[in-house]
1. For the stretch A:25-39, name all the residues that are open to solvent by less than 80 Å² (accessible area, probe 1.4 Å) and either under 14 Å from A:Val101 (Cα atoms) or not in a helix (DSSP H, G or I) (or both).
2. Could you say which residue among B:Phe182, B:Phe188 is modelled with pLDDT of 90 or more, within 17 Å of B:Asp387 (Cα to Cα) and out of contact with any helix residue (DSSP H, G or I) (no Cβ under 8 Å at 6 or more places or on another chain)?
3. Taking only pairs six or more apart or across chains, which ones have beta-carbon atoms under 8 Å, a first residue in the stretch B:259-270 that is away from chain A (no Cβ under 11 Å), and a second residue that is of a type in the set (Gly, Ala, Ser)?
4. Among B:Leu345, B:Leu300, B:Leu352, which is the only one that is at pLDDT below 85 and either acidic (Asp, Glu) or more than 30 Å from B:Ala384 (Cβ to Cβ) (or both)?
5. Of B:Lys145, B:Lys114, B:Lys163, B:Lys131, which residue is of a type in the set (Lys, Arg) and part of a strand (DSSP E or B)?
6. Quick check: anything in the stretch A:51-73 surrounded by fewer than 23 Cβ atoms within 10 Å (Cβ to Cβ), farther than 26 Å from A:Lys130 by Cβ and among the small types (Gly, Ala, Ser)?
7. Scan the stretch A:50-69 for residues that are part of a helix (DSSP H, G or I) and within 18 Å of the chain's Cα centre (by Cα) and jot them down.
8. Mind checking whether some residue in the stretch B:183-203 is open to solvent by 80 Å² or more (accessible area, probe 1.4 Å) and part of a strand (DSSP E or B)?
Amino acid sequence: MNTVILSWVTFIYLAAFFISIIRMVTGKEYLEKITYAVTVTGFVGHTAGLIIRWFESYKLGIGHAPLSNLYESLVFFAWTIVVFSLIIERRKEAKGLNTFVLPVAFLFMAYASFSPDIDTKIQPLIPALKSNWLVGHVITCFLGYAAFVVASVFSFIYLLKDRKNPGRLSNSLPAKKILERYIYQSAVVGYILFSLGIITGSVWAYYAWGTYWGWDPKETWALITWLIFTAALHSRFVGRNRGRHLAILTLIGLASVFFTYLGVNYLPGLHSYLGS
Amino acid sequence: MKINKKRKTGNKIWSMLLSLRLNITLLIIIALASILGTVIPQGDAASKFIPHLRPWEQNLFHVLGLSNVYHSTWFIALGVILCINLIVCSIKDLRSSWSIAKKKILPAVPRNEKAYTIVVPGSNSADLGTKLENILKEKYQRVEKKDSGGSIFLFGEKGSYAKFSIYLVHLAVLIIILGAGFGTMFGFEGYAEVAKGQYFSKVYTKDNQLKDLGFSVYCDDFQIKYYKNGMPKEYRSDLSFLVGNKVVKKASVIVNHPAKFMGIRFYQSNYRDYPEALMRVNYPGGTRAIRVREGSVFKLQDQETFFHVLRVHKNLMGMGPAVEIGVHSSNGWVQFFVLENIEKLKTRIPNLFQRFPSLDPSSFKPYTFYLDGIQDRYYTGIMANKDPGIPLVGLGGITIITGLLLTFAYPQKKIWVSITVNNAKGMDVAVVARGKTGDTNPDRAIKELLEHYKEGNIEYSHT
């Protein structure tokens, strides 16, 4: 049931993306409200899907929050991205930016729902995941990741506009100065949430494995991501081309986010639950 | 800051340490170095991998400590330089922030921020200045006004103390690193395997040293529970902690729920099942029953003779369960098999021991071994850790989040307003604002006032 709803949500996000592209090309303002309405519809369905999945796990007698395997994490990741996308949509200055955020949410949902490698079944929790820290750790990490994704989308647009001959399309997008501010703000939000994620993870590791920091590949990559964003936030105070440095470091940070999230599964370590 | 010009090289090093560029460079270098440890096998995995390398590569591995990157000298050195840079940068920055906050000086107008400029009619700069000052006083905690012959300069600032919270974040990072160092120096991480009905009082630390706990831990039970689909549901070790021979505490240790005894935390780490052989040994003057597993070493009557259990076979080449024993004595080394089904084999195969001498359980005289069976026995893996750095690290964690929230969530803004009387046109007004997260808009009330002024509505007053 929940997986059916969630696969429908995927297409609703795709529709919202198309409508926002049409708005961007034709400049028809009423389409903006329609994009917002469609995105909200998708988000409501998405939230309902997650809640239903939670209930269904209790019906199976293995109740747990839907945050325990790769499928659930992808769906939740997409959910957090849409949360930020809805916040951005409310800001007038950020007009048009959502067109670039929505496809990311769509891609995550599509990968989760339709990739043959991903098991969509509700599975029971293995002993290592049976902890009250699971929910806090996963929620803060993914909200942090999502804010980084949003910051990276803005960075991408910033660099697009920073070329010698920015295309015609980029003229309809907010000015570099505004973009820089949005990159910084999203990166800061991501940084605080991700720091909380690392700290909750450390507390959990202390109870589960006996050490708050064990240089497990996932932990190490989280630290690498944190270091890159620390550098990105400090880069504002150095040099002339502040916006460009911030944007480039944010995009490097994003690569590190994805490696932290998915890439480490190919390295040996303790965080290998996502592999299945 | 005053710099002594005589110490030029000292100055260079000093200013390098002071720089934020070094900080960013270090952050990136440490990030890159951290990647190394995730792609190069570390610790035990490295010791399996190193023999396959060429000699010069092995040397490089040892010199750079690549089998334990995160504890290598150069990695720690990078961390130390980062800490020094952090301390030096923070102190320098703190001094200037402090003098600004203490109202000793006004911060300079940022040059790269675009100013909002407007020309308003009239020449009564004092009146306009007072009106703007009143608006600023409502919105900003600190407002300064300077009047220099008709030209008026206003400065407003809010959340000026919130910016000190960034030093809280920097301090927190140092506290965490200090706590980690403290824990490494004065704590330990130990491991022991124990089966139901056994006890341990020593644990193996990471560098394979035996550490005495000062008490003993008895395993009352070890259980694994499964879900219907076969996935593991729970690993549980029921432990008793004994001081002397007295049980002081009983606790169940499951994953995510450690037990604490005398400052040491005990964790359910893993489990292993070892095939265990139930054996008997006959010798002149007695018989003895023993339980052994692979790797066991035992002595019988003679203190100079060591019996090594080399292998425990559940089925040795179709002949059933078998144990391979090696005996080290003053007469040298003897190696033989003890088979459970030896009697049956003897009747089936004539002259068995002549053809296969190593199957003779009496190979080492005067002992004769018998194998009564092989059982799987579960051993629970228990971690025993002590980390006196935890309070510091915990404090650092809380401080870092508090500091980050104060730094970024607390509104901080500075505003600079200048009014210059330009007799030909009226008054030139320029407003520059700078908020924490890049908010460069002058407050709406200021804009409204100035726009009304421009339209000649000088009686406009802000409500």
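The values are calculated or read from the model by the stated rules, or taken from the named source; none is laboratory data. What you are looking at is a predicted structure, and each value in this text was computed from that prediction instead of being measured. For neighbour counting, all protein chains shown are included, and Cβ atoms are generated from backbone atoms with ideal geometry for every residue, glycine included. For accessibility, only protein heavy atoms count, side chains too; no ligands or nucleic acids. Shrake-Rupley method; radii C 1.70, N 1.55, O 1.52, S 1.80 Å.
1. Residues satisfying the conditions are A:Gly27, A:Thr35, A:Tyr36, A:Thr39.
2. B:Phe188
3. B:Ala259/B:Ala251; B:Ala259/B:Ser252; B:Phe261/B:Ala251; B:Met262/B:Gly214
4. B:Leu300
5. B:Lys145
6. no
7. Passing the criteria: only A:Leu50.
8. Yes, because at least one residue in the stretch B:183-203 is open to solvent by 80 Å² or more (accessible area, probe 1.4 Å) and part of a strand (DSSP E or B).
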